[in-house]
Structure formats: structure tokens, C-alpha cells
Amino acid sequence: MSMEKIIIKRKEYELVESKEDGTSVICRKGKSYLLRKFNTSEEFFSFVTQAKKIKASGVNNPKVVIIDKKSYSFITEYVQGPTLLSILAKEDLSDQIYDELFRMYWYAKADKLALDYHTENWIINNGNLVYTPFTCSPFENNDVFIKNEVRQWFFTKEFVEYAKSKGIEVNENRLESEYAVNKKIALITLKFYR
């Protein structure tokens, strides 16, 4: 069975998998990549601009391999690993992960960028935390992050509801009292927040 061929910038790739989010896993010379194709130049250039801002900020994300203005194609390394969502559903995140999360938050904030901090957007690859969406918005203030988004990084009621909405089973017996959860969030935040 032969795989579908895709040619971008005179390089031939094989289509491995089309994903639900509209991206495709492609392969060339035994190496896997992630392909994002856009329908309009506005979508494409908006995405490329956001990706460049994120990379310049120091946030760790997959390496960009090809940006093709003719076919509105954006190819990156294909980064695999467990998401923070899948890890947190089973166990608490490590101090190393919190350190990296807060560091990337600080990098983005310093460049006035707001990232999407939902736990499925972060992957552990070779021991490193990687932000996968390549999307951002202008940073406005800390309130959204401190009051809402940081709570997604801990085993909270909000996290349990979110995991269930994504079809992930969680052991609700791990939930602690609201006081204990808030104390843990405050201590970790004080330790790593810059």
C-alpha cells in the first residue's frame, strides 16, 4: 500500500496521518513532521506572525522547518510525548514542570504575549516542556492567569471538570479540600513565580 505524497517547496513527503485538528503528520527520510495548511493568506500570515513572536519570546516550541508562502503551509518537527493533561490526570506535576511552566509564562509575559495555558497544549518531550499550538494573543493583565489558568495546572475541581470534558477519566478521590488545594497553589506559585 503506497502512502499519499505531498510536495512542499520541491520536497516530497509522505502523509502518515490526518489529525482531527486539521494538521497532518508527514514523513520524509524517516523523520516525522507536523504540517499545518491554511486556506487563506490572512490565516497563514497571522499564524506565522504569532509563531515568530512565541519563538522570539523564548517559549519552547517545536522547531519550524518550512514556511511556504505559496501553498500556505507551515511545517514543524513532530513533537511527541505525554500532555500535561494526561500526566495530571494520573499524578501531580513535578517541581521541574512547574519551574518550566512559570518560566515560559514569564517569557511570554515579558514580551506581552498571552499563551493558551490549557494542559493539553503542553507536552513533555525528552524531559523538556514544549508549547505546541504556536498561537498567542496580546497580554493584558495577570488576573486571568492567576485566577483561572494556573488552577488548570493542579488537581482542582476545575481541572477535573476540564479533563472530563475532554473524555479523560480521573480519580476524584485525589481531590483535596479547597483550602488544601489553594495552599498548594500558593506555595508552588510563590516558589516559581517571577
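The values are calculated or read from the model by the stated rules, or taken from the named source; none is laboratory data. This is a predicted model, so every value here is computed, not measured. Reconstructed Cβ throughout: ideal geometry from the backbone, glycine too, with neighbour counts over all protein chains shown. Please note that ligands, DNA and RNA were not included when accessible areas were found on the heavy atoms of the full protein model with its side chains. Shrake-Rupley method; radii C 1.70, N 1.55, O 1.52, S 1.80 Å.
Can you confirm whether Ile6 is free of Cβ contacts under 8 Å to residues at least 40 places away in the same chain and among the β-branched types (Val, Ile, Thr)? Judged against the criteria, Ile6 is a match.
Mind listing whichever residues of region 13-35 are among the basic types (Lys, Arg) and either over 13 Å from Pro62 (Cβ atoms) or modelled with pLDDT under 95 (or both)? Lys19, Arg28, Lys29 - these are the residues of region 13-35 that are among the basic types (Lys, Arg) and either over 13 Å from Pro62 (Cβ atoms) or modelled with pLDDT under 95 (or both). Filtered by the rule that a residue be part of a helix (DSSP H, G or I) and aromatic (Phe, Trp, Tyr), region 109-165 gives Phe145, Trp153, Phe159, Tyr162. Kindly establish whether Leu101 is open to solvent by less than 20 Å² (accessible area, probe 1.4 Å), under 30 Å from Asn173 (Cβ atoms), modelled with pLDDT of 95 or more and not acidic (Asp, Glu). Answer is no for this residue. Applying the condition of being of a type in the set (Gly, Ala, Ser) and surrounded by fewer than 16 Cβ atoms within 10 Å (Cβ to Cβ) to region 70-98 and asking which residue is farthest from Leu175 (Cα to Cα) yields Ser71.
Pairs linking a residue in region 121-147 that is acidic (Asp, Glu) to a residue that is in a strand (DSSP E or B), with Cβ atoms under 9 Å and 6 or more positions apart or on different chains, are Glu140/Ala114. Within region 92-101, identify whether any single residue is over 27 Å from Glu77 (Cβ atoms), in contact (Cβ under 8 Å) with a residue 24 or more places away in the chain and under 16 Å from the mean Cα position of the chain (by Cα), and answer yes or no. Among the residues of region 92-101, not one is over 27 Å from Glu77 (Cβ atoms), in contact (Cβ under 8 Å) with a residue 24 or more places away in the chain and under 16 Å from the mean Cα position of the chain (by Cα), which makes the answer no. Residues in region 161-168 include none that are free of Cβ contacts under 8 Å to residues at least 40 places away in the same chain, in contact with an Asp or Glu (Cβ under 8 Å, 6 or more places away or on another chain) and not acidic (Asp, Glu).
Per the conditions (1) in contact with a His (Cβ under 7 Å, 6 or more places away or on another chain); (2) open to solvent by 30 Å² or more (accessible area, probe 1.4 Å), the sole criterion not satisfied by Gln152 is (2). Taking first residues from region 25-48 that are on the phi < 0 side of the Ramachandran plot and among the small types (Gly, Ala, Ser) and partners that are outside any helix (DSSP H, G or I) and open to solvent by 70 Å² or more (accessible area, probe 1.4 Å), the Cβ contacts under 7 Å between residues at least 6 apart in sequence or on separate chains come to Ser32/Val16.
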